[in-house]
Amino acid sequence: MSTFPFELGVDPTRRTVPAGGVLFRQGSVSVGVFQLVSGRLRLMRSTPGGADVPMHTVRPGELFAEASLFSSHYHCDAVALDNCEARLYPKAAVLRHFADRPEALWAFTQELAHRLQNVRTRLEIKQIRSATERVLQYLRLMSDSKGVWQRPGPLKHLAEDIGLTHEALYRALAKLEREGWIHRSGAEIRLCPP
């Protein structure tokens, strides 16, 4: 279980949700921010016509529903894809902690800015039509200074994040490796442009 690089200063309560269950609904009163402990949750928003639009898949360790700290209601549904356990950090207590400890608020703000940058990067990448170019651009943007990207989870999560089927991702990776653009070794992908 990963941790986030700031303190919320509150003892969380535990919430469990069975697969297919809902942690909170769009429009329900916000009670706080969550961290997923186990399972996966899909954040979804409903359109006026009743269609569900997936926004994000939450994975263990991730903080989510951060906007609820500054909003009276949740802006989406949180639907469990698996049996899930989450920690709830109550809104009023977290806001009091931030008021008393500005350095914690700055650390939280820095984390949110970093995540916003990652969201914008994923949106940029999803605009690239070619699967191979999409994967290569993702690797260029997300690799460290030595051109290495460490896979944090299954490749199907990467496919989800950049809007490809896992089959299209595997084909693109195979092509990039065959053409000498990348080298794969376990959970590591190294950029090596020909």
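The values are calculated or read from the model by the stated rules, or taken from the named source; none is laboratory data. This is a predicted model, so every value here is computed, not measured. Counting neighbours? That spans all protein chains shown, and the Cβs are built from the backbone with ideal geometry, glycine included. Each accessible area value is taken on the protein alone, full model and side chains, heavy atoms only, with ligands, DNA and RNA left out. Shrake-Rupley method; radii C 1.70, N 1.55, O 1.52, S 1.80 Å.
Table for the structure above
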| quantity | calculated |
| --- | --- |
| Residues satisfying the stated conditions in region 151-182, i.e. within 19 Å of L141 (Cα to Cα) and acidic (D, E) | E160, D161, E177 |
| Region 11-38: number of residues that are farther than 14 Å from A86 by Cβ and open to solvent by less than 30 Å² (accessible area, probe 1.4 Å) | 1 |
| Verdict on F64 being within 20 Å of L123 (Cα to Cα), under 17 Å from the mean Cα position of the chain (by Cα), open to solvent by less than 40 Å² (accessible area, probe 1.4 Å) and modelled with pLDDT of 90 or more | yes |
| Condition met for D11 (out of contact with any Cys (no Cβ under 6 Å at 6 or more places or on another chain) and more than 13 Å from L88 (Cα to Cα)) | no |
| Some residue of region 60-78 being touching a Ser or Thr at 6+ places or on another chain (Cβ under 7 Å), part of a helix (DSSP H, G or I) and among the hydroxyl-bearing types (S, T, Y) | yes |
| Residue that is least open to solvent (accessible area, probe 1.4 Å), among those in region 158-180 that are within 16 Å of I125 (Cβ to Cβ) and in a loop (DSSP other than H, G, I, E, B) | I162 |
| Test set (1) farther than 30 Å from A92 by Cβ; (2) of a type in the set (S, T, N, Q); (3) in a helix (DSSP H, G or I) - Q110 fails condition number | (1) |
| Filter result (farther than 10 Å from R14 by Cα and crowded, with 16+ Cβ neighbours inside 10 Å) within region 81-94 | C84, P90, K91, V94 |
